[in-house]
Amino acid sequence: MKKLLALLLALTLIGSLAACSKTESGEDSQGEESAAPRIGVIQLTAHPALDAALEGFVEALDESGFAYEIDVQNAGGEQSNCATIANKLVNDKVDLILAIATPAAQAAAQATTEIPILVTAVTSPAYAGLVESNEEATGGNVSGTSDMNPVADQIDLLLSFVPEAKTIGLLFNASEDNSILQVEMAEKALSAKGIDTLRFTATETSQVQSVVQSMVGKVDGVYIPTDNLMADTMATIVMVLNPAGIPTVGGEGNMVTAGALATYSFSYKELGRQTAAQALQILRDGVDVGTIPIGFYNGELETVINGKTAEELGIEIPEELQSAVQ
């Protein structure tokens with residue numbers, strides 16, 4: 001009898017040690033592996049601003065030491081691809097979706113009301129129909145960060161280069177909701193100064209060059225919002241406008257790097273880092289995405305001027321802006 005009791009005790013002890021060993025090696029008490037949370041990414045297209053937002057997001061997560069898996073999918077600028085990717089991520093049962101740019105965010109929101117969605121590089125999630133309000137907790141499964149630009153200040157910057165301007169052209173993709181919002185803001189700012197505006201729109205890459213050529217002789221300067229199509233085609237845009245002597249102010253710094261004259265904007269990489277902080281709240285801390293308000297850029301804004309373009313346009317940069325020349 002004593003031998004039987006000793007045997008049972010030994011077996012119990014061995015079982016307990018085995019269970020402890022499995023838990024410490026990353027498995028739960030039932031022997032199932034505990035997987036790292038999975039993040040699915042839908043990025044509308046590859047261009048420097050959106051790439052920088054993703055880079056900042058991943059960099060901040062890595063720096064936090066949080067363990068995760070990530071599946072990055074690029075839609076190549078096609079809205080239909082955004083929907084396909086969104087549905088795939090939902091079927092894959094990812095733990096969180098990061099949607100970069102408005103069409104990607106809209107596709108994700110249409111694909112699921114259950115999986116938490118964080119958006120970034122979306123000017124106004126409320127205007128795009130993603131949330132009820134940009135100012136309060138969203139209450140649904142969507143939150144994220146806005147890339148709302150200081151549009152009125154960007155217009156002031158453009159007018160500092162063309163102080164005698166009578167008409168400013170507004171170049172954008174009419175199928176992007178947040179581009180329309182920024183254009184409306186620009187029109188309001190210019191109207192307040194008594195300056196006329198003309199809208200010029202394209203919805204496909206193949207249309208951009210002819211649309212830009214139609215601006216020549218009609219406008220004294222051009223404003224381009226943070227529009228994904230126009231960001232993708234800046235080389236074509238400046239190839240027409242710069243030789244024609246028409247200065248362009250873009251919505252973000254990478255447009256200036258590509259040849260636009262100037263901007264007054266922020267870092268998309270830092271915006272991505274802000275979005276990562278929200279992801280950590282959800283995946284690490286268990287915060288409900290619906291309790292997280294839309295975040296706005298909280299870093300410093302900066303003026304950026306393309307010195308080569310200024311020289312080509314014959315524009316003398318004011319002394320107070322010399323430090324912004326690149």
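The values are calculated or read from the model by the stated rules, or taken from the named source; none is laboratory data. Since we're looking at a predicted model, the values are computed, not measured. With ideal geometry, Cβ positions are generated from the backbone for all residues, glycine too; neighbour counts draw on all protein chains shown.
Residues are listed down the side, and each one gets a yes or a no for (1) surrounded by fewer than 19 Cβ atoms within 10 Å (Cβ to Cβ); (2) touching a residue at least 40 places away in the same chain (Cβ under 8 Å):
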| position | (1), (2) |
| --- | --- |
| GLU136 | yes, yes |
| VAL151 | no, yes |
| THR167 | yes, yes |
| ASN173 | no, yes |
| SER179 | no, yes |
| ALA192 | yes, no |
| THR203 | yes, no |
> Listed residues PRO48, PRO103; which is modelled with pLDDT under 95 and crowded, with 22+ Cβ neighbours inside 10 Å?
Replying inline: PRO103
> Yes or no: LEU61 at pLDDT 95 or above, part of a helix (DSSP H, G or I) and not β-branched (Val, Ile, Thr)?
Replying inline: yes
>> Being part of a loop (DSSP other than H, G, I, E, B), over 31 Å from the mean Cα position of the chain (by Cα) and farther than 12 Å from LEU157 by Cα is the filter here; which residues of region 300-326 pass it?
In response: GLY314, ILE315, GLU316
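Results for (1) over 21 Å from THR291 (Cβ atoms); (2) of a type in the set (Asp, Glu); (3) touching a Lys or Arg at 6+ places or on another chain (Cβ under 6 Å); (4) touching a residue at least 40 places away in the same chain (Cβ under 8 Å), shown as yes or no for each residue.
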| site | (1), (2), (3), (4) |
| --- | --- |
| ALA53 | yes, no, no, yes |
| PHE57 | no, no, no, yes |
| GLY65 | yes, no, no, no |
| GLU69 | yes, yes, yes, no |
| ILE97 | no, no, no, yes |
| GLN110 | yes, no, no, no |
> Name the residues in region 81-107 that are of a type in the set (Gly, Ala, Ser) and within 14 Å of the chain's Cα centre (by Cα), would you?
Replying inline: ALA99, ALA101, ALA104, ALA105
> Residues THR236, THR226: which one is modelled with pLDDT under 95 and either assigned by TED's automatic domain parsing to the domain that holds GLN182 or not in a strand (DSSP E or B) (or both)?
Replying inline: THR226
> Going by the structure shown, is LEU301 of a type in the set (A, V, I, L, M, F, W, C) and modelled with pLDDT under 95?
Replying inline: yes
>> So in region 108-136, with the set limited to residues that are outside any loop (DSSP other than H, G, I, E, B) and closer than 24 Å to GLY56 by Cα, which one is nearest to the chain's Cα centre (by Cα)?
In response: ALA121
> Do you know which of the residues in region 258-273 that are assigned to a loop (DSSP other than H, G, I, E, B) and not polar (S, T, N, Q) is nearest to GLU311 (Cα to Cα)?
Replying inline: LEU261
>> Return the residues of region 119-147 that are polar (S, T, N, Q), closer than 19 Å to LEU54 by Cβ and touching a Phe, Trp or Tyr at 6+ places or on another chain (Cβ under 9 Å); say none if nothing qualifies.
In response: THR120, THR145, SER146
>> So for region 135-146 (the condition being at negative phi, of a type in the set (A, V, I, L, M, F, W, C) and outside the structural domain of GLU319 (by TED's automatic domain parsing)), does at least one residue qualify?
In response: yes
>> Can you say whether ALA279 is of a type in the set (A, V, I, L, M), at pLDDT below 95 and over 29 Å from GLN207 (Cα atoms), as far as the supplied structure shows?
In response: no
> What number of residues within region 63-100 satisfy the criterion of being out of contact with any helix residue (DSSP H, G or I) (no Cβ under 8 Å at 6 or more places or on another chain) and surrounded by fewer than 21 Cβ atoms within 10 Å (Cβ to Cβ)?
Replying inline: 14
>> Which of the numbered conditions does ARG199 fail, given that it passes all the others? Conditions: (1) modelled with pLDDT of 95 or more; (2) part of a strand (DSSP E or B); (3) surrounded by 15 or more Cβ atoms within 10 Å (Cβ to Cβ).
In response: (3)
